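The values are calculated or read from the model by the stated rules, or taken from the named source; none is laboratory data. Source: prediction; values computed, not measured. Methodologically, a virtual Cβ is constructed for each residue, glycine included, from the backbone with ideal geometry; neighbour enumeration extends over all protein chains shown. In case anyone asks, the SASA skips ligands and DNA or RNA and just uses the protein heavy atoms, side chains included. Shrake-Rupley method; radii C 1.70, N 1.55, O 1.52, S 1.80 Å.
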Amino acid sequence: MSEIAITRATSRKPRPADADLKFGTVFTDHMFLMEYSEAKGWHDPRIEPYHPLSLDPAAMVLQYSQTIFEGLKAYRLKSGEVKIFRPAANAARFERSCVRMCIPAVDRQMFVQSVKELVKIDAEWTPRSPGTALYIRPTAIASEAALGMRTAKAYMYYVVLTPVGPLFGINHKPLKILVADKYVRSIRGGVGSAKTGGNYAATLLQTEEAKSAGFDQVLYLDGLKREYVDEFGAMNFMAKIGDEIVTPPLSDTILAGITRDSVLHLLREWKVKVVERPISINEMYEAGRSGRLAEVWAVGTGVGISAIGELTYRGERLVVSSGETGPTTQRIYNELNAIRYGESPDPYGWLEAL
Ligand SMILES: *Cc1c(COP(=O)(O)O)cnc(C)c1O
């Protein structure tokens, strides 16, 4: 464990009331920061009052997008204690993203320690109302000032915190989804399985088009044949077809969601039939037409568990579960939240104390 130097903020920001929380607009009093150089490796880990970064305009991240991030949450339990959901899983994924984007790996223990120490200092920012959490955003960027396409030699790693309400609001309606047939999110051999900025920039235009046509989110198909379901772009995909729960298998075109993994654990524990296999959009529509498509839902840290009420693909609208939240979606939502907020036992040890 490294020694983290701490400089405390001398004044505190006003904290929003739980009811006013939006997603990721207000940041806490402190941040974690450290740098990487070839000579020193990752060094100078510290917590400081929240402040803007000083970055050279030629910092390589700004031109070539050598950057990765993570997203995880600290929850305030029924007992009042604050705990973090599966930080070691995020540390492992951060390391995989580092490797894919040629960023020197941040030691997993250091990652977890950075997150825990920061949350400890700003723990009072963790909201109390149902559905709220303290969202944790670790990020690494190439900070070396140099033009020329190569791997950078200097990096910054930092962590910021933001108190959040539910991504789509509490008790939001099941989502309306546009199935993308114009753009793709990722392709075999690409960077779709890394949490790297370019993946999200790549989906902005499609998302804008979908939103202006009245949809909430986009479901992406595989980049090669545009036939198989990949994911939603920031959430993983699950469906109940007949008595089987299906989700696409992990590959380098899909982000390996920790919520996805947690939900699969629960389903297997419940002895529900779960299969990780490719699902074609045609299969889904045929299942929909014949009444076998029982439920579709999205899973991710930001959204939690969210029911999908309808899909539209090439102009054909498919209503799922009569546009309501289905029983499997509801059960997963309830159980995962019960664990997160300390209302159910945590047999898997998913919650970590600070
Ligand atoms: C973060 C993310 C997810 C969800 O992952 P969780 O670990 O469950 O939050 C899914 N897809 C993409 C593209 C993501 O960036």
**Request:** Select from the stretch 199-240 the residues that are of a type in the set (A, V, I, L, M, F, W, C), closer than 17 Å to residue 298 by Cα, in a loop (DSSP other than H, G, I, E, B) and more than 9 Å from the ligand (Cβ to nearest atom) and list them in ascending order.
**Result:** 215
**Message:** Every residue in the stretch 249-308 that is assigned to a helix (DSSP H, G or I) and within 13 Å of the ligand (Cβ to nearest atom), please.
**Reply:** 258, 259, 260, 261, 262, 263, 264, 265
**Asked** What's the number of the condition residue 79 fails, among (1) surrounded by 15 or more Cβ atoms within 10 Å (Cβ to Cβ); (2) under 30 Å from residue 340 (Cα atoms); (3) of a type in the set (Ser, Thr, Tyr)?
**Response** (1)
**Asked** Out of (1) more than 24 Å from residue 138 (Cα to Cα); (2) open to solvent by less than 50 Å² (accessible area, probe 1.4 Å); (3) touching a residue at least 40 places away in the same chain (Cβ under 8 Å), what's the single condition that is false for residue 195?
**Response** (1)
**Message:** Testing residue 88 on (1) in contact (Cβ under 8 Å) with a residue 40 or more places away in the chain; (2) part of a helix (DSSP H, G or I); (3) surrounded by 21 or more Cβ atoms within 10 Å (Cβ to Cβ), one condition comes back false. Which one is that?
**Reply:** (3)
**Asked** Among (1) within 16 Å of the ligand (Cβ to nearest atom); (2) surrounded by fewer than 19 Cβ atoms within 10 Å (Cβ to Cβ); (3) part of a strand (DSSP E or B), where does residue 43 come up short?
**Response** (1)
**Item:** Residue in the stretch 16-38 that is exposed (fewer than 11 other Cβ atoms within 10 Å of the Cβ) and within 22 Å of residue 154 (Cβ to Cβ) present
**Value:** yes
**Asked** Looking at the stretch 164-186, which of its residues are under 26 Å from residue 132 (Cβ atoms) and not in a loop (DSSP other than H, G, I, E, B)?
**Response** 164, 175, 176, 177
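Please go through the stretch 207-221 and give me each residue that is free of Cβ contacts under 8 Å to residues at least 40 places away in the same chain and surrounded by 19 or more Cβ atoms within 10 Å (Cβ to Cβ), ordered by number. Before the answer, list the steps.
We begin by selecting, within the stretch 207-221, every residue free of Cβ contacts under 8 Å to residues at least 40 places away in the same chain; these are 207-214.
Once the filter is applied, which keeps residues that are free of Cβ contacts under 8 Å to residues at least 40 places away in the same chain and surrounded by 19 or more Cβ atoms within 10 Å (Cβ to Cβ), the stretch 207-221 yields 207, 210.
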**Item:** Test set (1) within 30 Å of residue 17 (Cβ to Cβ); (2) among the small types (Gly, Ala, Ser); (3) open to solvent by less than 40 Å² (accessible area, probe 1.4 Å) - residue 234 fails condition number
**Value:** (3)
**Fill in**
The residue that is modelled with the highest pLDDT, considering only those in the stretch 153-188 that are more than 27 Å from residue 314 (Cβ to Cβ) and open to solvent by 50 Å² or more (accessible area, probe 1.4 Å), is 153
**Item:** Tally, over the stretch 63-95, of residues that are under 21 Å from residue 201 (Cα atoms) and over 15 Å from the mean Cα position of the chain (by Cα)
**Value:** 5
**Request:** For the stretch 187-198, state whether one or more residues are assigned to a helix (DSSP H, G or I) and closer than 26 Å to residue 90 by Cα.
**Result:** yes
**Prompt:** Hey, residue 145 hits all of (1) of a type in the set (Gly, Ala, Ser); (2) assigned by TED's automatic domain parsing to the domain that holds residue 290; (3) modelled with pLDDT of 95 or more but one; which does it fall short on?
**Reply:** (2)
**Message:** So, residue 131, is that one open to solvent by less than 50 Å² (accessible area, probe 1.4 Å), under 18 Å from the mean Cα position of the chain (by Cα), within 23 Å of residue 16 (Cβ to Cβ) and not aliphatic (A, V, I, L, M) or not?
**Reply:** yes
**Message:** The conditions are (1) closer than 26 Å to residue 93 by Cβ; (2) touching a residue at least 12 places away in the same chain (Cβ under 8 Å); (3) of a type outside the set (Phe, Trp, Tyr), and residue 268 fails exactly one of them. Which is it?
**Reply:** (2)
**Message:** I'd like the residue in the stretch 271-297 that is open to solvent by 60 Å² or more (accessible area, probe 1.4 Å) and touching a helix residue (DSSP H, G or I) at 6+ places or on another chain (Cβ under 9 Å) and, out of all such residues, is farthest from residue 225 (Cα to Cα).
**Reply:** 273
**Message:** Here are the criteria: (1) within 16 Å of the ligand (Cβ to nearest atom); (2) in contact with a helix residue (DSSP H, G or I) (Cβ under 7 Å, 6 or more places away or on another chain). Tell me which single one residue 245 does not satisfy.
**Reply:** (1)
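In the stretch 1-31, how many are closer than 16 Å to residue 137 by Cα and out of contact with any Asp or Glu (no Cβ under 7 Å at 6 or more places or on another chain)?
Qualifying residue count for the region: 6.
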